[in-house]
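See structure below.
The values are calculated or read from the model by the stated rules, or taken from the named source; none is laboratory data. Everything numeric here is computed off the predicted structure, so don't read it as measured data. Cβ sites come from the backbone with ideal geometry, for glycine too, and all protein chains shown count toward neighbours.
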Amino acid sequence: MRLLLIFLFVSTISFAQQNKYSISFENAVHHEAKINIEFPEIETDTFTVRMSRSSPGRYAIHEFAKNVYGFRATDGNGKELKVTRPNPYSWAITGHNGSVNVEYTLFANRGDGTYAQIDPTHAHLNMPATFMFAEDLQERPIEITYQTEAMPNWKVATQLKHIEGNTFTAPNLQYFMDSPTEISDFRMKSFEIDGKNVRFVLHDPSSDELFSEYFEKVKKIVEQEMKVYGELPNFDYNEYTFLACYIPNASGDGMEHRNSTILTDVETLANGGMKGNIGTVSHEFFHAWNVERIRPQSLEPFDFTEANMSGALWFAEGFTSYYTNLILCRAGIISAEDYINGLNGSFNYVWTSPALQYFNPIEMSYQAPFVDAATSLDPVNRENTFISYYSYGSVLGLALDLELRDKDLNLDDFMKLVWETHGKPEKPYKVEDIENLLKQYAGETFGEEFFSKYIYNSNMPNYEPILAKMGVHFSKKDNEPYLGISVENKNEEVIMTNNPKIGTSGYKIGLDKGTKIISINNTPLKTAEEFDNISSALKPGEKINVKFSNYGEEKTVEVAVGKNPSYEIKIDPEAKKKELKNRENWLSGK
C-alpha cells in the first residue's frame, strides 16, 4: 500500500508539472500554424526554449528554427517577458514569475517524414519541425490539443495517448517528438492481429475500392513480417498506426517511429501508388522491430540538438532494406522472378563502386549526417566515395541469409535471436553485440569470418555458389563495353552528368561532370542517343579517340574501352529440383 501511495504522489506531481501545447490552423491556406506552449513551475531565472535540429529516424541536421516567426513570451499573469537570442535555434526568456507561456507562428509546407506541411487539405506534423521545447524539462509529461475549429472536417491520427476530443498526451519529450500526427479528413481501416490493433490512416483522393485493395496488401505485409520475429512488438497502448499521405503536393518519403510510421508520396493509389508505395510500407513496418526496439546504442537517447551518428545503420537500415522486397515476395505482392530481377540494382550499385576502397559498412553508416536528406552547396564526389548503407546492408543481408541457409540455418531465425536478446527487452546494442550473437547462432568461426571480411572490411562475399543453390544464375557482364560516362542533351550538345568512377575510361582521360563530349572516333555527337548508340557498339579493350571540351579547352585523347563491371542476377530456368525447393523455402510465405 505504501508503494502505491508513493506512486500516486509522484504521478500527481508529474501531472501538475506537465507542459501544455496547443496548435491551430486559421491560416492554413498560407501554410501557417499558431502554436502556444505553457511551461509551469520554472525554477531558473533564465528560461530557454529552442527548436530541434534533427528528427527521429533522420540523421542529418535540419534547421527547423528557420520557419519560426512572431515569437512572444509572457508570464502566468500575461506580462510580456524579455527575450534574447543566444544562438539561431534558441530563445532565452527572463523576468518570469515561475510560469512561461510562449507563442509563435510556424510556416510549414513540406509533407514528408521530417518536416511539417499545413494547407487547406491537412496538417501533416513531424514534431521536431513543429514544436519548441525546453532542454532541461525533457522528462516532463506533455499535453497537446489540436484546435481544428477552422477546419471542422479534420480528424486527428497519432500514436500519442488520447485523452478526450483532440487532446493527447506523451510521457516525456522523447516520446512526444517521436509521434508524428496527421490531421485531415482521412479515411481509416484497422485489423486485429496478435492481440494488437493495426490502423491504416489514408489521406488520398483515390476510391474506397482502391483503399480496400491496398489495405489487403498491408495486412499481408504485417502478417509476414510478424512471422519473421514470431510476434508483434508490445506496442504502447496496444496499437500501431500507419499515417499515409499520398497526395500531389507531398514529397516521397517514409519514416519509422515507435508505434507508427509516416508514408508520403506524390503518387496516389489511383496514379501509380498502388504498386509504387507498397515497398515503403514493408520497409517502415519492419522497423517496428529493427531500429525502434532492436536499437543501436549510438542512437540512445536521440539528440534533438545535433546530428545523430551511428555505425550500425548497415544493420538497422540495410538489413531492413533486404527484407523490404523479400517480404513483398513472401506476401505474394511481387513474383519470385520480379524479386530476383530486383536484386540487380542494389547489387551492382554496391559491388561496382570505387568507394569500397575507402570505407567499410560501419564507416559508410557514419556518413549518414551528410547524406540522409542533408543538403550541401559545394559539389561532392559521392560516386567514388560513398555507398548507401541501405543498399550496402541489403546486399550483405542477402549474403548472410544465403550463407546461413547453406548451413541449414537462416536469417529469420538469427533476427529472432537478436529480437529476443536486444529488441524485446529493449536493450540497445553495439555492433560487436551483433557479431557475438552471430557467433552464438552460426558458430564462432562463421561469425568471426563474416564480420572480419564484410563488416570490418569491404570484401565481397562469393555470391555465385550460394545463389546457384537457390536456382539463381549469377554472372559478370565484362564482355560488354564500359566508358563510365553518363550524358544528357543540352542545347544540341552532349554533356556529362556524372563524376566518372575511378579507373574507368572516362576517369583516365580526365573527363569531369559538365564536360562536353564532341566526338568519338571522329563521329560528331549532338544527342545523348547518338552517344549511347556509338558507345554500345564498342568492344572492351578497343582503342578509341574521344574529343571533348573542358574548362574552355578542346582535347582529343586516345583511351582503351573498359569492361562493364556489372553483374547479372536472374532465375536459372534449368534449376534442379533441390535448388527449386531451396528457393521456395527462401522466398515463399511462412
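Some notes on this structure:
- Residue ID - surrounded by the most Cβ atoms within 10 Å (Cβ to Cβ), chosen from residues in region 547-590 that are part of a strand (DSSP E or B) and under 37 Å from the mean Cα position of the chain (by Cα): Gly562
- If you check Ala92, Ala60, Ala65 for being closer than 24 Å to Glu32 by Cα and either outside any strand (DSSP E or B) or of a type outside the set (A, V, I, L, M) (or both), only one passes: Ala65.
- Candidates in region 276-303 are the residues that are acidic (Asp, Glu) and part of a loop (DSSP other than H, G, I, E, B); of these, the one that is nearest to Leu437 (Cα to Cα) is Glu292.
- Hey, Glu464 in the same structural domain as Gly397 (by TED's automatic domain parsing) and part of a helix (DSSP H, G or I) or not: yes
- Identity of the residue in region 412-432, of a type outside the set (Val, Ile, Thr), without any contact (Cβ under 8 Å) to a residue 40 or more places away in the chain and in a helix (DSSP H, G or I), that ends up farthest from Asn234 (Cα to Cα): Glu432
- Among residues of region 209-231 that are surrounded by 15 or more Cβ atoms within 10 Å (Cβ to Cβ), those with a beta-carbon under 9 Å from a residue that is part of a helix (DSSP H, G or I) and of a type in the set (Gly, Ala, Ser) at least six positions away or on a different chain give the pairs Leu210/Ala270; Leu210/Gly273; Tyr214/Gly273; Ile221/Ser282; Gln224/Ser282; Glu225/Ser282; Tyr229/Gly423.
- Region 355-370 residues that are outside the structural domain of Ala316 (by TED's automatic domain parsing), paired with ones that are in a helix (DSSP H, G or I) and of a type in the set (Gly, Ala, Ser) (beta carbon under 9 Å, 6 or more apart): none
- Gly332, sole failed condition from (1) assigned by TED's automatic domain parsing to the domain that holds Val395; (2) farther than 21 Å from Ser391 by Cα; (3) in contact with a Pro (Cβ under 6 Å, 6 or more places away or on another chain): (3)
- The condition (being buried (at least 23 other Cβ atoms within 10 Å of the Cβ) and under 21 Å from Ala331 (Cα atoms)) is satisfied by just one residue among Ala250, Ala244: Ala244.
- Residues of region 100-134 satisfying the condition of being acidic (Asp, Glu) and in contact with a helix residue (DSSP H, G or I) (Cβ under 9 Å, 6 or more places away or on another chain): Asp119
- Scanning region 372-403 for residues that are farther than 18 Å from Ser321 by Cβ, among the hydrophobic types (A, V, I, L, M, F, W, C) and free of Cβ contacts under 8 Å to residues at least 40 places away in the same chain gives Leu377, Val380.
- Where helices (runs of 4 or more DSSP H) sit wholly within region 330-409, those with at least 3 residues that are within 19 Å of the chain's Cα centre (by Cα) and within 24 Å of Thr114 (Cα to Cα) occupy 361-366, 368-371, 389-405.
- Qualifying residue in region 537-546 (condition: surrounded by 14 or more Cβ atoms within 10 Å (Cβ to Cβ), under 30 Å from Val395 (Cβ atoms) and over 33 Å from the mean Cα position of the chain (by Cα)): yes
- Of residues in region 490-506 being among the polar types (S, T, N, Q) and out of contact with any Leu (no Cβ under 6 Å at 6 or more places or on another chain), the one farthest from Lys563 (Cα to Cα): Asn491
- Each residue in region 507-528 was checked for being part of a helix (DSSP H, G or I) and in contact (Cβ under 8 Å) with a residue 24 or more places away in the chain, and 2 of them qualify.
- In this structure, Asp478 does satisfy being surrounded by fewer than 17 Cβ atoms within 10 Å (Cβ to Cβ), in contact (Cβ under 8 Å) with a residue 40 or more places away in the chain and either part of a loop (DSSP other than H, G, I, E, B) or in the same structural domain as Glu317 (by TED's automatic domain parsing) (or both).
- Residue within region 482-505 that is in a helix (DSSP H, G or I) and crowded, with 16+ Cβ neighbours inside 10 Å present: yes
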